[in-house]
Every structure is written in structure tokens, then in C-alpha cells.
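Engineer: Below: one structure in C-alpha cells.
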Amino acid sequence: MKNLDWSNIGFEYMQTEQRYVSNYKDGSWDEGGLTTDANVVINECAGILQYCQECFEGLKAYRTEDGSIVTFRPDLNAERMMDSAARLEMPQFPKERFLAAVDAVVKANADWVPPYGSGATFYLRPYMFASGPVIGVKPAAEYQFRIFGTPVGPYFKGGVKPLTLCVSDFDRAAPHGTGHIKAGLNYAMSLHAHSVAHAAGYDENMFLDPATRTYVEETGGANFLFITKDNEVVTPKSDSILPSITRRSLVYVAEHYLGLKVTQRPVALAELADFAECGLCGTAAVISPVGKVVDHGKEICFASGMTEMGPITKKLYDTLTGIQMGRIEAPEGWIRKIM
Ligand code: PLP
Ligand code: COI
């Protein structure tokens, strides 16, 4: 294992030894394989550079209590990436090949997978972009699929300290647009809002539904999860948010492991004050508690407060991370053992 101060690393890119590359040309993907070259060389007119034809994924490899290395539901990342590619008129990278490539990158960089209990994990970033030249607006003819990995610590500094969000004046996604897929363009769209929120002292944005600006959507990089005063789990339902794998897993954990009632429905901004707890969920965020949302000067404070995670959020967090780290038995098919 590499000699890093594992408990103190942030959510930053660190270059590791091996990454996976496959190229698409003349209607098919080549054999693909690992390379030590971390740089991408493409034509000046590549579709990614001109019209932003790109999609990506994010998943983690975990070192478990018994010393194995596993990934969590990578099949869902493979499927979501196929959906993203289809929406962006890109070729799909086959699911079995995606899974094998993730395994290969993890195995080749096993020394970079943080130790069990350190709080750090190995983040994998599969991505695909148009490498072929296009000058008229149309899909490119050539693509590149890659996966690299980097060890990461917590996404939000300060660990489990509750976050303060602000209701954004900007929209993240358009109605009937691309909010439901993992396209880089959605994130480019969110950067200005992100900078404005940070400059004003907030941790993140709460984006509203773009059509009516009355319902809660998500943040720039995670879905929302709310807990009612009766310990019910509520998650926003919308066609323009990313179908988070963490959120879908937490819904199952809440119902089947914790015996909680779960409702997936539109959540109005106006009802936020009625919730007892709020959290952001995602691969990078895991579950990060939210203590307060500020809506143009009006403070909406959750009953769980600003010092620690609410009790139900904590149970969800402990159960999910317990499954990921091998302390709690996982539902069939959730854990893929790599080595
Ligand atoms: N929403 C957005 C906009 C994201 O970028 C992410 C991160 O992947 C999520 C939600 C959470 O999705 P997942 O749980 O699949 O990581
Ligand atoms: C993830 O959670 O994997 C994400 O992609 C969120 C963020 C880093 C963009």
C-alpha cells in the first residue's frame, strides 16, 4: 500500500499508475486495455472540445473489514452510462466490458485503495467523449472511453458537520433537457451557481425545478433525502434530476433494513420547514447532513440542528457504509468482489 496520510486526504485528483482506454472507430470499440499515460491527445476539432459531447460516471472501490477490495453496484453505473450515451448520441460501452474495465483499473492500482477504517476510498471515474472532429453541429464518428482511479477523502471538508445550502437563482437543468443523465455539460452549467454560492459563504446550492421554481430538485452533485417528524423518508421525484444509485440504495435500506416508510414524490420548497432532517446523498457525498437552507434571506432550519447528523440520517449512513465496507450483509448482487 502507498504511504499516504489516508485519514487526511481530500476529494482531489491524485494521479495513479494505470488507467483503462478503449477507442471507438468505424462503428466498433477496439479491444481496449490499460495504459500508464495519463494524458489524452485529441484533434483540435474533437466533438468534446467544440460541442461538449461527453458523459461520465462515479463509483468507489472499498477495502472491507476482511481485507478484500470490492465495488458497490457497478452494474448500475454501467447501465446509467449507457443511458447517458444514448441521450447524447454516443455509442454505448457494453456493460460486461465496463465491469471488466473497472475491475482491471482497481486491480492495477490496488496499492492506492485506502485501508479499511481510514475514511478514504478509491474513486473511479469512467468517462466517454467525442474524439473525432466535427465542425457542423452533429454527433462525432469517433469516441474514447476511459477509466481512471484516485484515492479520495470526504467530499465536504469537516466530515459530518451539517451543511448550509442556499436556494439558487440559477437552474441546473432544463425541463425535458439532460438533468437525468450524467453529462459534463450539466456540471459546466452549475459552476457559476457554485461560485456564487461559495462566495456568499454557502456550502452548496439547492436547485429548484426549472419549470415552476417551486419544487426541490437536487444539488450540483447529489440528490436530497428528507426525514419527516414521524421518521418517514421522503425523496424528491423529478424527471430532471440524476437517478442517484446511492439514493436508490438508501430507499431499499430504509425499507428493508430499517423498517422505515419511504415516499418518492415532488417536494415543495414551501414544505421544507416541516422536515426534521435533511441530507445530500451520492457516491462522493455518501450522506452529508444539511442543517440549514437559506431562501433569499429566509432561514429554514432542520430540527436536527447544526452540530451533528440527525438520528435517522445517521442510521441510514451507518447501514449503507456498513454494507459497502463488509460489516453488514448486502442484498444479493450489490457487492462485486475484485480481489
Ligand atoms: N446528482 C448529481 C447531480 C450527481 O452528480 C451525483 C453524483 O454522481 C448524484 C446525484 C448522486 O448519484 P450517485 O449516488 O449515483 O453517485
Ligand atoms: C459522484 O458522486 O460520483 C459525483 O459524480 C459527484 C461529483 C463529484 C460530481
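Engineer: Tally time: how many residues in the range 198-225 are within 16 Å of ligand 2 (Cβ to nearest atom) and open to solvent by 70 Å² or more (accessible area, probe 1.4 Å)?
Structural biologist: Here the count works out to 1.
Engineer: So, in the range 90-112, exactly how many residues are in contact with a helix residue (DSSP H, G or I) (Cβ under 7 Å, 6 or more places away or on another chain) and under 18 Å from Pro151 (Cβ atoms)? Can you show your working first?
Structural biologist: At the first step, the residues of the range 90-112 found to be in contact with a helix residue (DSSP H, G or I) (Cβ under 7 Å, 6 or more places away or on another chain) are 91-93, 95, 98-99, 102.
Right, trim to under 18 Å from Pro151 (Cβ atoms) and you get 102.
Within the range 90-112, residues that are in contact with a helix residue (DSSP H, G or I) (Cβ under 7 Å, 6 or more places away or on another chain) and under 18 Å from Pro151 (Cβ atoms) number 1.
Engineer: Same structure, new question: Return only the number of the condition from (1) at pLDDT below 95; (2) in a strand (DSSP E or B) that Asn23 does not satisfy.
Structural biologist: The number of the failed condition is (1).
Engineer: Next question, about the same structure. Check Lys161 against each of (1) under 18 Å from the mean Cα position of the chain (by Cα); (2) modelled with pLDDT under 95 and name the one condition it does not meet.
Structural biologist: (1)
Engineer: So which residues in the range 43-73 are touching a Leu at 6+ places or on another chain (Cβ under 7 Å) and farther than 23 Å from Ala120 by Cα?
Structural biologist: Within the range 43-73, Cys52, Gln53, Cys55 meet the criteria.
Engineer: Take the residues in the range 147-167 that are within 16 Å of ligand 2 (Cβ to nearest atom) and assigned to a loop (DSSP other than H, G, I, E, B); name whichever of them is least open to solvent (accessible area, probe 1.4 Å).
Structural biologist: Residue satisfying both the conditions and the ranking: Gly153.
Engineer: Here is a follow-up. Would you please name the residue that is least open to solvent (accessible area, probe 1.4 Å), looking only at residues in the range 1-47 that are more than 25 Å from the chain's Cα centre (by Cα) and under 30 Å from Val160 (Cα atoms)?
Structural biologist: Ranking the qualifying residues of the range 1-47, first place goes to Lys2.
Engineer: If you check Ala130 against the conditions, is it of a type in the set (Gly, Ala, Ser), open to solvent by less than 30 Å² (accessible area, probe 1.4 Å) and within 16 Å of ligand 2 (Cβ to nearest atom)?
Structural biologist: Taking the combined requirement at face value, the residue does not satisfy it.
Engineer: Next question. Here is a check on your reading of the model: is Thr64 touching a residue at least 24 places away in the same chain (Cβ under 8 Å) and either touching a Lys or Arg at 6+ places or on another chain (Cβ under 6 Å) or more than 16 Å from ligand 2 (Cβ to nearest atom) (or both)? Reasoning before the result, please.
Structural biologist: Numbers: touching a residue at least 24 places away in the same chain (Cβ under 8 Å): yes; either touching a Lys or Arg at 6+ places or on another chain (Cβ under 6 Å) or more than 16 Å from ligand 2 (Cβ to nearest atom) (or both): yes.
Yes.
Engineer: While we're here: Among the residues of the range 122-136, is there at least one that is part of a helix (DSSP H, G or I), in contact (Cβ under 8 Å) with a residue 60 or more places away in the chain and more than 30 Å from Lys237 (Cα to Cα)? Write out each step before concluding.
Structural biologist: Looking only at the range 122-136, we keep the residues that are part of a helix (DSSP H, G or I), and these are none.
Within the range 122-136, none of the residues are part of a helix (DSSP H, G or I), in contact (Cβ under 8 Å) with a residue 60 or more places away in the chain and more than 30 Å from Lys237 (Cα to Cα).
Engineer: Next question. Return the only residue of Ala188, Ala211 being more than 11 Å from ligand 1 (Cβ to nearest atom), part of a loop (DSSP other than H, G, I, E, B) and farther than 26 Å from Tyr317 by Cα. Lay out the reasoning, then the answer.
Structural biologist: Details: Ala188 fails: part of a loop (DSSP other than H, G, I, E, B).
Just one listed residue meets the conditions, Ala211.
Engineer: So which residues in the range 100-116 are touching a residue at least 40 places away in the same chain (Cβ under 8 Å) and open to solvent by 10 Å² or more (accessible area, probe 1.4 Å)? If you could, list the steps in order and put the result at the bottom.
Structural biologist: Residues of the range 100-116 touching a residue at least 40 places away in the same chain (Cβ under 8 Å): 101-116.
Of everything in the range 100-116, those that are touching a residue at least 40 places away in the same chain (Cβ under 8 Å) and open to solvent by 10 Å² or more (accessible area, probe 1.4 Å) turn out to be Asp103, Ala104, Lys107, Ala108, Ala110, Asp111, Trp112, Pro115, Tyr116.
Engineer: Could you please find all residues in the range 53-67 being farther than 19 Å from Pro94 by Cα, under 23 Å from the mean Cα position of the chain (by Cα) and more than 16 Å from ligand 1 (Cβ to nearest atom)?
Structural biologist: Just the residues of the range 53-67 that are farther than 19 Å from Pro94 by Cα, to begin with: 60-67.
Subsequent filtering for residues that are under 23 Å from the mean Cα position of the chain (by Cα) retains 60-64.
Correct list: Arg63, Thr64.
The values are calculated or read from the model by the stated rules, or taken from the named source; none is laboratory data. The structure displayed is predicted, hence computed values, not measured ones. Note: ideal-geometry Cβ built from the backbone for every residue, glycine included; neighbour counts use all protein chains shown. Heavy atoms of the whole protein, side chains included, go into the accessibility calculation; ligands, DNA and RNA do not. Shrake-Rupley method; radii C 1.70, N 1.55, O 1.52, S 1.80 Å.
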